[in-house]
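What follows is one structure encoded as structure tokens, with my remarks underneath.
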Amino acid sequence: MPVRTVTYRPHSRSLPVYSVGDENLGVGPSFGNSAAWINTKGNGAIERVFSVELGESCVGAVNMRYGGYGRSLRMFEKRQALHDQPFVGLRQDAPGDVEIHPAYVCRRFSIGGAIDIQETIFLPVAGTWNDPPVAYFAIEMHNRDLVPYVLRVIGSARLRGSLPGDCVVRYDEGLHALVAHNKSIPDAVRIFGVSRAPDRYAATFDFGSFYEPSHVDPLPNSCDASGDVLGELQLDLALEPDQTHRIAFAIGAYAHGRAKAVAAFKRDVEYEGALERTVQYYEVELQRGHVLTPDPAVNAGALWGKANMRRVMAAYPHGLAFTNDPGISSNVVVRDVCWFVYGCDHFMPQFSRPMLDKVAQTQYGNGKLPEYWDGVDGHREDYGLNINDNTPLFILAANHHYRSTGDPEWLHRLLPAVTKAARYIISQTDERGLVICDAQDPRGDVWAIASWRNIIPGYTLNGAVTEINAECAAALRAAAHLVENARGSERDAADFRAASTRVRDAMDAHLRNPANGLYYLNLDFEGNVHTDVTGDEVFPVMFRVCDEETGFRVISRLNSPDFWTKAGLRTISRDDPLYDPSGNFGLLGGVWPGLSWWYAFAAARYYPDVMVTALRSSTVHYTEDPKAKNTVPGQFSEWFDGESLVNRGMRLSPWEPPRFLWAAVEGICGFMVTIDKPRINPLVPAGWKWLGLRKLPYHGGEVTYFAARQRGKFLVYATTDFDTPHEGQRYAEDVSSDVTVFSESAAVVALRRPGEVAVLIGNVGLQTTAVPFNLGRIIDAHKMYEVRIYDSERDAWERFEGLKGDGLASLSMTVEMHGYRLIELRES
């Protein structure tokens, strides 16, 4: 049977989904809420349930088994009750279909040639940062035959998780659940329940019988077994012709003992309605920072990037944050937090702020920032480095958040930490003006690497590192701005500005390679010059601490075959003697999507076409043959092998999605955050005629705008005052949600001001399309309108006068690929 391709189904009025044949999915998607994290398997099972509060997986694999009524002659014996009868195992008849939604994964298949099964896995999310630590596994069974069937469903959960194998289990009749705890850790409790009273239950070491194909025996109603046991719940169901049964299993992971766990499970578990509320929440939240362009891959990347970001947001005992390895670690890396803020400010700035506040709390007395803190116990670690990227990135993230939110009171509270960090950076400069990392630990790795690429075994990167110096020059410049914005010390502002200039001048004098006009990787602590050309060359360009000629040279050099793959940018050249495409966590030749998106942002002002290529490359790769590439459609994995392009890192990397959103918003859409009005200057390929950005959080409100290319120039329509090098129009409100568009290939942005409406209909498909749409809710059926329509294919306006509103409500227009129609209606 040929492998079915992944299909993407966008929708103008609800969230999109990916559909993939389950034979083409090696691993399943991951989901998180503020209290828990789950990974799923390609076969439809839950891989583990991780407790954010404990920092451990409390439950291992959760599986479902189906059996049909019937028994083997070898096991023939007289048994009276149905629940005592052996059943025959029923396997999936044929490849099924998997639907991946931002809020859930749904798998559909059939068994026994007559029963359609739908399994849906999700974590409930409400946006309160007080979500229950409960995963749901909901099942719908429909009999499409003309005769009745009796099914046995057994749900199993490995109750140990990653904790010691000393589980004690008992059945709680009131909960319809197994309640387990560790003898050695009695506060660690897990509850495995089902929505109706099970017919039988067990805690058992008999793992093999769960998947024995010849029979599905009844469970013994015993929890005598303790240790590394399997918890099982059995339900026997009669299905009449055309009848549907729905059941749901819930798996809770708790950290405060049995009594509190049982009370929380009773209070929080809702077998009906939890999924619907979670979907509704995502439908509202993911509309913020909504990127709309002619390229569907870019649009999908921005939307799924937000979904990925939301999944990793958690409430740890030491505050709101996300870990660098969801479901495994509780370490919160300062570098990752700072880069997360760059994207999160355009989506959920209310999550950015407490993270930055927590970073400030972890600051050492001398002003340095640690490498990470533990979200569970709060301890911090700096790996013995006197300087790395964490300290300058904290200042840069604070600057971005202040410019995005425009909150002076918050800036005043954070300014002492910013000032201390800037002073510390200055203290780490040498007589040349370069920032120096003096790490010489013979172990190498994290103890001797000043870089984002800090987990290369046996590797050292110290001395004057170009990446760190570029970040420090930009951070000192930003610190000067923040001090001025807060009306702080004039001396501090002057000192930081002068220090920024010194570092930049020193980079030009000492870190530039005269042989190629690029930057050295570093001048090490012993004075050796390292001429390696790596992806780290993007930092001086991205942070604007180099001249335009050098920036152009860097972007051009990295846009070469030895660096570029169809999945994105390699970390080092394929021709480098150190090139190792599959080892060293991909940091010496693998493809890290986040690096590709840094490059995309840096390339925007030089090569808009290259920027779009960089943005879409890894995003598209996630969906191409996911089983072979070890990826999940809609999920941003960590890094790819530099040759095979197989994902060899995390299946959902928390630091990649915000970089994509940041590059899309501030690169393609050209939205620049400032302390006042935003600046809008789209940076797009010549073939793009339009773009839009909806409900972008900014200075306590939301901004929506679109840009339409007319006769070679952009005209920008926005719901706020803004600066732009193009012609601009200010409207009062975004009414896009009130326009109904009957096409998956069309995007709509509709703005209104007194007496006027402007509606952009953009083609996001791959061919010319007819777009029916309805304006009935944004115009008055009884009023007369003057109408003009811009046709991007003709590059001209067409005017109509004296048209009544009721005749304008339902319209249809044909729009060419990459094109748009702009409708302006003015009351006459």
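The values are calculated or read from the model by the stated rules, or taken from the named source; none is laboratory data. Remember, predicted model here, so these are calculated numbers, not experimental data. All Cβ positions, even for glycine, are placed from backbone atoms using ideal geometry, and neighbour counts span all protein chains on display. These area figures cover heavy atoms from the full protein model, side chains too; ligands, DNA and RNA do not enter into them. Shrake-Rupley method; radii C 1.70, N 1.55, O 1.52, S 1.80 Å.
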For this session: Enumerate the helices (runs of 4 or more DSSP H) found wholly within the stretch 484-599, keeping only those where 3 or more residues are more than 23 Å from residue 449 (Cα to Cα) and at pLDDT 95 or above.
Result: 490-510, 548-558
For this session: Scan (1) touching a residue at least 60 places away in the same chain (Cβ under 8 Å); (2) closer than 20 Å to residue 656 by Cα for the single condition residue 579 breaks and write down its number.
Result: (2)
Exercise. Is there a residue in the stretch 633-656 that is assigned to a helix (DSSP H, G or I), in contact with a helix residue (DSSP H, G or I) (Cβ under 7 Å, 6 or more places away or on another chain) and either under 23 Å from residue 470 (Cα atoms) or among the hydroxyl-bearing types (Ser, Thr, Tyr) (or both)?
Worked result: yes
Seminar exercise, completed: Within the stretch 99-148, residues open to solvent by 40 Å² or more (accessible area, probe 1.4 Å), over 13 Å from residue 44 (Cα atoms) and charged (D, E, K, R) come out as 116, 140, 144, 145
Exercise. Which of the residues belonging to the stretch 514-523 are over 13 Å from residue 467 (Cα atoms) and open to solvent by 20 Å² or more (accessible area, probe 1.4 Å)?
Worked result: 514, 515, 516
For this session: Only strands (runs of 3 or more DSSP E) wholly contained in the stretch 312-421 count here; list those with 2 or more residues that are of a type in the set (D, E, K, R) and out of contact with any Ser or Thr (no Cβ under 8 Å at 6 or more places or on another chain).
Result: none
For this session: Report yes if some residue within the stretch 782-804 is under 24 Å from residue 696 (Cβ atoms), surrounded by 14 or more Cβ atoms within 10 Å (Cβ to Cβ) and among the acidic types (Asp, Glu); otherwise report no.
Result: no
For this session: Say whether the condition of being without any contact (Cβ under 8 Å) to a residue 24 or more places away in the chain and among the acidic types (Asp, Glu) is met by at least one residue in the stretch 205-227.
Result: yes
Problem set entry | Single match in 535, 589 (criterion: in contact (Cβ under 8 Å) with a residue 60 or more places away in the chain, closer than 22 Å to residue 653 by Cβ and of a type in the set (Gly, Ala, Ser)) | 535
Seminar exercise, completed: Taking the stretch 677-710 and keeping only residues that are outside any strand (DSSP E or B) and either closer than 20 Å to residue 732 by Cα or out of contact with any Asp or Glu (no Cβ under 6 Å at 6 or more places or on another chain) (or both), one is left with 677, 678, 681, 682, 683, 684, 686, 687, 688, 689, 699, 700
Problem set entry | Matching residues in the stretch 122-137 - criterion: being part of a strand (DSSP E or B) and in contact with a helix residue (DSSP H, G or I) (Cβ under 7 Å, 6 or more places away or on another chain) | 122, 134, 136
Exercise. Quick one: which of 499, 494, 506, 464 is touching a helix residue (DSSP H, G or I) at 6+ places or on another chain (Cβ under 6 Å), among the small types (Gly, Ala, Ser) and either closer than 29 Å to residue 675 by Cα or open to solvent by less than 10 Å² (accessible area, probe 1.4 Å) (or both)?
Worked result: 499
Exercise. Is at least one residue of the stretch 142-164 out of contact with any helix residue (DSSP H, G or I) (no Cβ under 6 Å at 6 or more places or on another chain), over 30 Å from residue 307 (Cα atoms) and free of Cβ contacts under 8 Å to residues at least 60 places away in the same chain?
Worked result: yes
For this session: Please indicate, with yes or no, whether at least one residue in the stretch 802-817 is touching a residue at least 40 places away in the same chain (Cβ under 8 Å) and more than 30 Å from residue 18 (Cα to Cα).
Result: no
Exercise. Mind checking which pairs have a first residue in the stretch 680-702 that is without any contact (Cβ under 8 Å) to a residue 60 or more places away in the chain and a second that is among the hydroxyl-bearing types (Ser, Thr, Tyr), Cβ under 7 Å, 6 or more apart or different chains?
Worked result: 680/705; 680/724; 681/724
Exercise. Under the condition of being within 35 Å of the chain's Cα centre (by Cα) and open to solvent by 70 Å² or more (accessible area, probe 1.4 Å), which residue from the stretch 149-181 is farthest from residue 255 (Cα to Cα)?
Worked result: 158
Problem set entry | Residues (among the charged types (D, E, K, R) and open to solvent by 20 Å² or more (accessible area, probe 1.4 Å)) located in the stretch 629-657 | 629, 638, 643, 648, 651
Exercise. Going by the conditions given, is residue 758 among the small types (Gly, Ala, Ser), modelled with pLDDT of 95 or more and either touching a Ser or Thr at 6+ places or on another chain (Cβ under 7 Å) or not in a strand (DSSP E or B) (or both)?
Worked result: no
